Amino acid sequence: MALIEIENLSVTFRSKGHLVRAVQDVSLSVGDGESYGLVGESGSGKSTILRAICGLAPVTGGTIRIAGQPVPDPRGRDFSRQVQMVFQDPYASLHPRHTLDRVLSEPLAIHGVKGDADRAVMQALDDVGLPRAFRFRYPHQLSGGQRQRVAIARALMLKPRIVLLDEPTSALDASVQAEVLNLLSRLRAERGLTFLMVSHDLAVIDHMCDRVLVMQHGRAVEELNHADLAGAGMKTDYARTLFEASADRML
Amino acid sequence: MSDLLTIRDLRVTFDTETGPVEAVRGVSFRLGRERLGIVGESGSGKTITGRSVLRLIRPPGRIEAAEMTFDGIDLTRISEREMRALRGPRIAMVMQDPKYSLNPVMKVGAQLTEGLRLRDRLGAAEARRKAIEALEAVQIRDPERVMEAYPHELSGGMGQRVMIAMMLIPNPDLLIADEPTSALDVTVQAEVLSILDGLVRDRGMGLIFISHDLRLVARFCDRVLVMYKGRIVEEVAAGELTRAKHPYTQGLLNCLPRIGGSRAPLPGLDRDADWARA
């Protein structure tokens, strides 16, 4: 059974009186332990799908089910224990006046997780490859890559099954991107995580995902598996255009 | 071929609380009427190098160079007034982010014609005609509408094209483009690159293309300078990039995921090697 099932999802915003259809009629399903990619250009609605899953964007049509259950509205604590998100900009997604210790222990406090919070924080730092000495630092004392490690550690504090990744490496330098992608792959293998990952970079999607949905103007264009993507086996013109524009990503 | 720009031993120093920091440490290169790429990661000094050519480093930053010559003019000696006459008409720079580099409270048309009216003393109608021509040159299909728009009403790709149009109006001999396509989608990126490419070919302009994206630069430029920690570690012909010799260049290339590549962990960059500490 699929862990994430999205059927005919539509997201419509109202802006200055007119309607913006950010996502129209998109369906997808992600199996347990799978890594699924969403790729497309800006405004294609890929990030909006992640936000709709989390309740950060209004679902105006269709259904979202996690492990067979429709997601409750508002999402609630049980949802947060299963699904967590990592955002694109590590400079904006961490509270500038909270130490890493506070950032990482807050989810435990909110969810009333019993046990040794101290040890959990240290373990989380170890897991994402940050020195324990960083525990009482503030985000501005870290580099972009280190911050993104913190954001990943925070997302994993509640031991979720699903991690939604919104362009997790696009703000990072190439060598740092490699480290963060490696970290994500390792954590997924170790913990059997399911990823739903958004990226505009086909090479990153190819490296990380088993299947990928190409999106344009809020609609699903084509779903590709890993072999189709690498072997240029796309059927629609748009997916091909995107692939050809990314030709240098094969170098 | 005569050189358009010659830079020898460029150093840019910033005085900070913890002592002087050299952001650029002895950079030398020559540029003809060609496309030169400068790549490096954040903090490598590539943007500062580009800005130095226009002497756009604010105090406490200091620019020192054994030689900085543009078309026979000694950029280290001329007055600020003479420098101002070069900026725009002779050497132009496209900044990284249209969101921050266009005036948010001025219509695009007013920004495009400002220079023409003030510098070239053109009349309103003539300036407007030239501005619309410039927008057409960067493949904007409805220039009339864009002229009347404020920057926030444009998409990133449109904003970036407006910036390029603005820099091209005075027909400069040298264009410095700092990450001109990083904020753009791949398909729009291809369009902007072909516009720049056409300008180098048709107008014989020199282009310095600053980017963090090694593969993009390799595809687009003639020569590539790779910078690390304020130095040029390697210069390669763009086509030879995969045969780059320096461990940093190789490391940068290897750590990139590839379409159809192996899914094994990506090799990291060894920052403790001898070359990295120098």
- Query: Out of the stretch A:230-249, which residues are more than 7 Å from chain B (Cβ to nearest Cβ) and either within 13 Å of residue B:188 (Cα to Cα) or not small (Gly, Ala, Ser) (or both)?
  - Reply: A:234, A:235, A:236, A:237, A:238, A:240, A:243, A:244
- Item | Residues of the stretch A:1-44 classified as free of Cβ contacts under 8 Å to residues at least 12 places away in the same chain and either outside any strand (DSSP E or B) or touching a strand residue (DSSP E or B) at 6+ places or on another chain (Cβ under 6 Å) (or both), total | 4
- Message: List pairs: first residue in the stretch A:48-75 and farther than 15 Å from residue A:161 by Cα and basic (Lys, Arg), second residue assigned to a strand (DSSP E or B) and open to solvent by less than 40 Å² (accessible area, probe 1.4 Å) anywhere in the structure, Cβ distance under 9 angstrom, at least six positions apart or on different chains.
- Response: A:51/A:11; A:51/A:85; A:51/A:164; A:51/A:166; A:75/A:83
- Item | Complete set of residues in the stretch B:109-123 that are of a type in the set (A, V, I, L, M), at pLDDT below 90 and either within 24 Å of residue B:190 (Cα to Cα) or open to solvent by 20 Å² or more (accessible area, probe 1.4 Å) (or both) | B:118, B:122
- Message: Any residue that is under 29 Å from residue A:203 (Cβ atoms) and basic (Lys, Arg) - is there at least one of those in the stretch A:160-169?
- Response: yes
- Query: Is one or more of the residues making up the stretch A:138-153 over 28 Å from residue A:45 (Cα atoms), part of a helix (DSSP H, G or I) and open to solvent by less than 20 Å² (accessible area, probe 1.4 Å)?
  - Reply: yes
- Task: Return the total of residues in the stretch B:215-231 being surrounded by fewer than 22 Cβ atoms within 10 Å (Cβ to Cβ), touching a residue at least 40 places away in the same chain (Cβ under 8 Å) and within 27 Å of residue B:192 (Cα to Cα).
- Result: 2
- Message: Looking only at the stretch A:155-185, how many residues end up being open to solvent by 10 Å² or more (accessible area, probe 1.4 Å) and without any contact (Cβ under 8 Å) to a residue 12 or more places away in the chain?
- Response: 2
- Note on the structure: Across the stretch A:189-220, the tally of residues that are open to solvent by 50 Å² or more (accessible area, probe 1.4 Å) and away from every other protein chain (no Cβ under 12 Å) stands at 5
- Single residue of the stretch B:212-270 satisfying the filter (modelled with pLDDT of 90 or more and among the acidic types (Asp, Glu)) that is nearest to residue B:36 (Cα to Cα): B:222
- Message: Looking at B:25, B:51, B:8, B:77 in this structure, which one is touching a strand residue (DSSP E or B) at 6+ places or on another chain (Cβ under 7 Å), open to solvent by 50 Å² or more (accessible area, probe 1.4 Å) and not polar (S, T, N, Q)?
- Response: B:8
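State yes or no: is residue B:180 away from chain A (no Cβ under 14 Å), touching a strand residue (DSSP E or B) at 6+ places or on another chain (Cβ under 8 Å), closer than 26 Å to residue B:37 by Cα and surrounded by fewer than 21 Cβ atoms within 10 Å (Cβ to Cβ)?
Considered against the rule, which asks whether it is away from chain A (no Cβ under 14 Å), touching a strand residue (DSSP E or B) at 6+ places or on another chain (Cβ under 8 Å), closer than 26 Å to residue B:37 by Cα and surrounded by fewer than 21 Cβ atoms within 10 Å (Cβ to Cβ), residue B:180 comes out as no.
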- Message: Tell me whether the stretch B:89-97 contains one or more residues that are farther than 26 Å from residue B:156 by Cα and either modelled with pLDDT under 90 or within 16 Å of the chain's Cα centre (by Cα) (or both).
- Response: yes
- Task: Could you identify the single residue in B:68, B:93 that is touching a Gly at 6+ places or on another chain (Cβ under 9 Å) and not in a helix (DSSP H, G or I)?
- Result: B:93
- Note on the structure: Taking the stretch A:62-71 and keeping residues open to solvent by 20 Å² or more (accessible area, probe 1.4 Å) and either part of a strand (DSSP E or B) or under 18 Å from residue A:8 (Cβ atoms) (or both) leaves A:62, A:63, A:65, A:68, A:69, A:70, A:71
- Query: Given (1) within 13 Å of chain A (Cβ to nearest Cβ); (2) open to solvent by less than 50 Å² (accessible area, probe 1.4 Å); (3) under 20 Å from the mean Cα position of the chain (by Cα), where does residue B:234 come up short, assuming only one miss?
  - Reply: (1)
- Task: Could you check, for the stretch A:45-58, whether at least one of its residues is buried (at least 21 other Cβ atoms within 10 Å of the Cβ) and in a strand (DSSP E or B)?
- Result: no
- Query: What do you reckon, is residue A:120 of a type in the set (Gly, Ala, Ser), free of Cβ contacts under 8 Å to residues at least 12 places away in the same chain and either in a helix (DSSP H, G or I) or in contact with a helix residue (DSSP H, G or I) (Cβ under 6 Å, 6 or more places away or on another chain) (or both)?
  - Reply: no
- Mind checking which residues of the stretch B:237-277 are more than 12 Å from chain A (Cβ to nearest Cβ), without any contact (Cβ under 8 Å) to a residue 24 or more places away in the chain and over 26 Å from the mean Cα position of the chain (by Cα)? B:272, B:274, B:277
- Message: Take the conditions under 30 Å from residue B:20 (Cα atoms) and assigned to a loop (DSSP other than H, G, I, E, B) and apply them to residue B:78. Does it pass?
- Response: yes
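The values are calculated or read from the model by the stated rules, or taken from the named source; none is laboratory data. Here the structure is a predicted model, which means the values were calculated and not measured. Backbone-built Cβ (ideal geometry, glycine too); neighbour counts: all protein chains shown. Heavy atoms of the whole protein, side chains included, go into the accessibility calculation; ligands, DNA and RNA do not. Shrake-Rupley method; radii C 1.70, N 1.55, O 1.52, S 1.80 Å.
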